[in-house]
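First comes the structure, then the notes that go with it.
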Amino acid sequence: MTILNVNGKQHQVDADPRTPLLYVLRNDLKLNAAKFGCGLGQCGACTVLVDHNPVFSCLMPISALDGRYIRTVEDLGSADRPGPVQRAFIEEQAAQCGYCIPGMMMRAQALLEKNVAPSDAQIREAMAPNLCRCGTQMRILRAVHRAAKLMTVELDTPIREAKR
Amino acid sequence: MIAAPSQHNGGWMVGRILLGLLIVIAVAFGAFFTWQWRGALPPATTSAHAFDPGIVAKGAELAAIGNCAACHTRTGGKPYAGGFPVETPFGVVYGSNITPDRDTGIGAWSEAAFRRALREGVARDGTHLYPAFPYDHFTRLTDGDISALYAFMMTREPVDQPNRPPDLSFPLDWRIFAAAWKLLFLDKGPWRNDPTQSVDWNRGAYLVEGAGHCGACHTPRNALGAEDKHRRFAGGSGEGWHAPALDATSPAPVPWSEDQLFAYLRDGFADRHGVAGGPMQPVVRNLRHAQDADVRAIATYIAAFAGPRDTADRQRQTQAALAFAQQREPTLGSLVRTTTGAAAADASSAGGTLFAGACATCHHAGGGLPASRPVALALSTPVSDAQPINLLRIVLAGIHPPLGQRGPIMPGFSGALTDPQIVALVEYVRAHFSRRPPWPNVAQTLAVLRGKEAP
């Protein structure tokens, strides 16, 4: 029995400790945002955050996740109340087929938590491990810039309200 | 009173000896100072149009074989404009700007000044260059090849980028120590062919010992940083990686052959050894500009260090390594991927469990992408190397082609696995895929590497 902390909730999982996290997320926990792309850590569709680092969940045995903090797209917001990264991706219409987008959003989230105003070059470098075969890279780039702005606004809002 | 004169005599004698010693030291230093003195050479004016394109092309090949761009280009910088930090046990020396910019590069250097720099390690203004610039190898270049390299460098794009002074501790920041080093270790002069060897071997020797300067990393260095000529290619270090031995003590499970070396240097992949990684990746990428015959000659010369080929002993070693690799390589059936209701895994080690979940998807018989299947780990040199540093570096950072280029790829696990997990994984890989004894220092080496990672 392995205990996983996913999006702030503890889950008891009855799975072989060698099983990669992606399979447990999708099959056992029914968190279907992370996608199976290549299963080889080459495409990034399965990217989730572990202790704030973007990782390929298809190459992440659950035995390595004891006591670690896992986050998926489900933690960024919901369909009704999308978070800033999700809103930015919707507003820039960054998805074409959309299969790579959950991984892209998680990698963008990790970047923006470390760097509130990344440059174009920094975004390109950070997002390089994730692939998109539809060719929406320019829209994804714009979406990450927009997400950075949205996050900054959100950070500023409570301060302004408090001053009022 | 009787003893006094002799005492007086004794003190006088000591004084005379001391004075004599002082004079000898002063004369020796004077002689050394005169010997090491190099004047500035007059500035020259050249034009990129003055060079024959054929000579420039020949220089381009030599610069590629010499991997000049690696140390003379900083990450993300303009080619040959310098700034790359070369770490040595004595401090950091930064590659200089060798573009033909007149003020910050070598634009004012005549060919004679360029030749003196390569042959003697002296800049145009007469300062001694530190041996991080491997003039102990470039001194072997022929006049014709130095002319070609000069033509190539003088036809590059000039870049205005001032040189960064070396970060060496006192007193090594005194250039006269570079001169003293040369007095002790620099054996000047072009390569001389060995008539008892083949034409190929001699061509390979010239390229390896001269422009290629392979020994700069693969030969161990003495306490003063000079290559130990008695242990040529016995393994050294470069750019924070261990440069494995290329002689008979090579850690490669299958002994290197000329054909395998050729494949490795030509394509960056040898099917009994694996892909070129670490600092060998740019070396191999640059070698694409070299001719087949030259790469073959390099392979011939290096293979000769690994020992006589096709002996019964070597064949036995090869067969044993291949059999061991086949026996140890995981098969698809061993990759259990069950989720709900799985039985507890067999009581394998923590490292074995991590390997099955994180690595075995690619590292099993027939695994990986069809276009770039990884070699069996039991054939891989980093796994059987004397030190764990190269395997740790690969596990942390993965293997990636330069941005936007094709090449074998492995994801890094730096952000995914914790330090104890990486140690367990690497110790498991060593125990399972190598017949060599365990490394005693995996955790310590990892701590050093983690300390060096960007925060």
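Here is the tail figure for chain B: Cα pairs spaced more than 33 Å apart come to 46 percent of all pairs.
Spin-label model, B:Trp12 to A:Ile90: label points 7 Å out along the Cα-to-beta-carbon direction sit 10.7 nm apart. What's the magnitude of the charge dipole for the protein assembly as shown around its Cα centre, counting Lys and Arg as +1 and Asp and Glu as -1 at the beta-carbon? Answer in Debye, nearest 20. Dipole about the Cα centre, nearest 20: 460 debye.
For the pair B:Thr142 and B:Ala431, a Förster radius of 51 Å applied to the C-beta separation gives a FRET efficiency near 0.55, rounded to the nearest 0.05. Using only the C-alpha atoms, the convex hull of region B:48-185 corresponds to 107 Å³ per residue.
Projecting label points 7 angstrom from Cα along Cα→Cβ for B:Arg450 and B:Ala112 puts them 5.8 nm apart. With a 10 Å cut-off around each Cβ of B:409-417, the average count of Cβ atoms from other chains is 6.
Is any helix in chain B, taking whole DSSP H runs, at least 27 angstrom long along its axis by alpha carbon and on average at least -1.0 on the Kyte-Doolittle scale, and which ones? Correct list, ordered by number: B:3-36. Once the mean of 1/r is taken over each pair of separate Cα atoms and inverted, region A:2-75 shows a Kirkwood hydrodynamic radius of 11.9 Å.
Within the straight-line cut-off of under 16 Å between alpha carbons, the aspartates and glutamates reachable from A:Lys30 are A:Asp14, A:Glu74, A:Asp75, sequence neighbours fewer than 8 places apart in one chain being disregarded. Each label point was placed 7 Å from the Cα along the Cα-to-Cβ direction; for B:Trp174 and B:Glu239 their separation is 3.4 nm. Available extension along the chain between B:Asp228 and B:Asp267 is 11.0 nm, counting 0.36 nm per residue and deducting the alpha carbon span. Basic side chains Lys and Arg get +1 at the Cβ, acidic Asp and Glu get -1 at the Cβ, and with that the dipole of region B:48-185 about its Cα centre reaches some 100 debye. For chain B, a crude dipole built from +1 on the beta carbon of Lys and Arg and -1 on the beta carbon of Asp and Glu, taken about the Cα centre, is about 320 debye to the nearest 20.
Normalised by 2.2 N^0.38 Å, with N the number of residues, the alpha-carbon radius of gyration of region B:1-122 equals 1.89. Expressed as a fraction of 2.2 N^0.38 Å, the C-alpha radius of gyration for region A:84-163 is 1.11. How big is the gap, in Å, between the Cα center of region B:91-123 and the Cα center of region B:397-422? If we compute the Cα centre of each part, the gap is 36 Å. Using the Cβ-Cβ distance between A:Asn53 and B:Thr196 with R0 set to 56 Å, the FRET efficiency works out to roughly 0.45. Rounded to the nearest whole Hz, the Karplus-based 3J(HN,Hα) values (6.51 cos²θ - 1.76 cosθ + 1.60, θ = phi - 60°) of region A:123-134 follow the sequence 5, 4, 5, 5, 7, 3, x, 9, 9, 10, 8, 6, with x at glycine and proline.
Packing-based ranking of A:46-57, B:41-52 yields A:46-57, B:41-52, ordered from highest to lowest mean Cβ neighbour count within 10 Å. So if I take the alpha carbon set of chain A, get Rg, then get Rh from the Kirkwood formula, what is the Rg over Rh ratio? That ratio equals 0.99.
For region B:67-115, the calculated P(r) over all alpha carbon pairs, in 10 Å bins from 0 to the bin holding the longest distance, is 28, 46, 24, 2 percent.
Multiplying the sequence separation of B:Arg373 and B:Asp419 by 0.36 nm and subtracting their Cα-Cα distance, what value in nm do you get?
Full extension of this stretch gives 13.8 nm more.
Suppose we look only past 13 Å in the calculated P(r) of region B:390-455. What percent of the Cα-Cα pairs does that tail hold?
For region B:390-455, the share of Cα pairs beyond 13 Å comes to 66 percent.
Residues in region B:359-370 carry Karplus couplings, in order, of 10, 5, 4, 9, 8, 9, 4, x, x, x, 6, x Hz; the curve used is 6.51 cos²θ - 1.76 cosθ + 1.60 with θ = phi - 60°, and Gly or Pro positions show x. Taking the Kirkwood radius as Rh and the Cα radius of gyration as Rg, the protein assembly as shown has a ratio of Rg/Rh equal to 1.06. Sequentially through region A:77-82, phi angles give Karplus couplings (6.51, -1.76, 1.60; θ = phi - 60°) of x, 10, 4, 6, 10, x Hz, Gly and Pro residues having no value and appearing as x. Annotation: amide H of B:Val86 within the under-5 Å range of B:Val93, B:Tyr94, B:Gly95, sequence separation 5 or more or interchain, hydrogens built in the peptide plane. For region B:206-305, the Kirkwood radius over C-alpha pairs fed into Stokes-Einstein at 10 °C and 1.306 mPa s yields D = 116 µm² per second.
Measuring between alpha carbons in the structure, the pairs from A:Lys149/B:Lys78; B:Lys58/B:Lys78; A:Lys114/B:Lys78; B:Lys78/B:Lys182; A:Lys114/A:Lys149; B:Lys188/B:Lys229 lying more than 24 angstrom apart are A:Lys149/B:Lys78; A:Lys114/B:Lys78; B:Lys78/B:Lys182.
Which one of A:Gly37, A:Ala148, A:Pro17 has its Cα pushed farthest toward the positive end of the charge dipole of region A:1-151, where Lys and Arg give +1 and Asp and Glu give -1 at the Cβ? Going by the charge dipole, the pick is A:Ala148.
Laboratory data are not the source of any read-out in this text; all were calculated from the coordinates shown. In this text the structure is predicted, and so the values were computed from the model without any measurement. Cβ sites come from the backbone with ideal geometry, for glycine too, and all protein chains shown count toward neighbours.
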